[in-house]
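Trainee: This is the structure I have questions about; it appears just below.
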Amino acid sequence: MTTLAALALGWCALVLVAPAAAAPGTDTGDAHVASLVYQAAARICHQRIERSFTWGGVPFPVCGRCLALYVSGTVALCAAAVAAWRAPRDLARPSRPLFRWPALTVEATWLAAAAMPSALLLVVEWAVVDPGTVARALAAVPLGAMVGWVCGTGLARPHAV
């Protein structure tokens, strides 16, 4: 799990630093690395400028929703790594479901609940009005955090073989 947390931190750092590295007048080596980050991000994000935050007039390599997912997921994954390091027995205990639904695992109930703000905002977006980048990002935070936490705690739990 520590490796996954380190990789997530690395990707987050690259995404957050890319606009500064891609800004006009930066070192060509930095601009090349930023270009690679933007190319990699293009495979997983639409990169629509009107839906992206900017830094110094340069858009981030991912939209606001993706940025919020990456940052909140990374924070939660690192929190799970710290929790596993500090109190591994606490993570070994089974979680309680948020609600009872026979077809869903405990983790799936929490993930479904965390996805609700994004799902509701999507309905608003399609039916009513464009909510804006900040609203999309804020709605994505619970889902990113829950995915990071579920992955981290799942990797930290001892599994029967």
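The values are calculated or read from the model by the stated rules, or taken from the named source; none is laboratory data. All values reported here derive from a predicted model rather than from experimental measurement. Neighbour counts are summed over all protein chains in view; Cβ atoms, including those assigned to glycine, are modelled from backbone coordinates with ideal geometry.
Trainee: Go through the residues of the range 46-59 one by one and say whether even a single one is of a type in the set (A, V, I, L, M, F, W, C), closer than 23 Å to P142 by Cα and out of contact with any helix residue (DSSP H, G or I) (no Cβ under 7 Å at 6 or more places or on another chain). Can you show your working first?
Mentor: Within the range 46-59, the first condition is being of a type in the set (A, V, I, L, M, F, W, C), and the residues that meet it are 49, 53, 55, 58.
From what's left, closer than 23 Å to P142 by Cα: 53.
Keeping just the survivors that are out of contact with any helix residue (DSSP H, G or I) (no Cβ under 7 Å at 6 or more places or on another chain) gives none.
No, there is no match, as no residue in the range 46-59 is of a type in the set (A, V, I, L, M, F, W, C), closer than 23 Å to P142 by Cα and out of contact with any helix residue (DSSP H, G or I) (no Cβ under 7 Å at 6 or more places or on another chain).
Trainee: Given (1) closer than 21 Å to C78 by Cβ; (2) at pLDDT 90 or above, where does T2 come up short, assuming only one miss?
Mentor: The failed condition is (2).
Trainee: Something else: Considering each of L67, L36 in turn, give the residue that is under 18 Å from G148 (Cβ atoms), out of contact with any strand residue (DSSP E or B) (no Cβ under 8 Å at 6 or more places or on another chain) and not acidic (D, E). Please lay out each step first, then the result.
Mentor: Numbers: L36 fails: under 18 Å from G148 (Cβ atoms).
The unique qualifying residue is L67.
Trainee: Which members of the range 56-74 meet the condition of being among the aromatic types (F, W, Y) and farther than 15 Å from G152 by Cβ?
Mentor: Within the range 56-74, the subset among the aromatic types (F, W, Y) is 60, 70.
F60 - this is the single residue of the range 56-74 that is among the aromatic types (F, W, Y) and farther than 15 Å from G152 by Cβ.
Trainee: When you scan the range 23-74, how many residues do you find that are of a type in the set (K, R) and assigned to a helix (DSSP H, G or I)?
Mentor: Of the residues in the range 23-74, the ones of a type in the set (K, R) are 43, 48, 51, 65.
Add one more test, that the residue is assigned to a helix (DSSP H, G or I), and what stays is 51, 65.
Looking only at that region, the number is 2.
Trainee: Among the residues of the range 1-39, how many are surrounded by fewer than 18 Cβ atoms within 10 Å (Cβ to Cβ), of a type in the set (G, A, S) and closer than 14 Å to L67 by Cβ?
Mentor: 1
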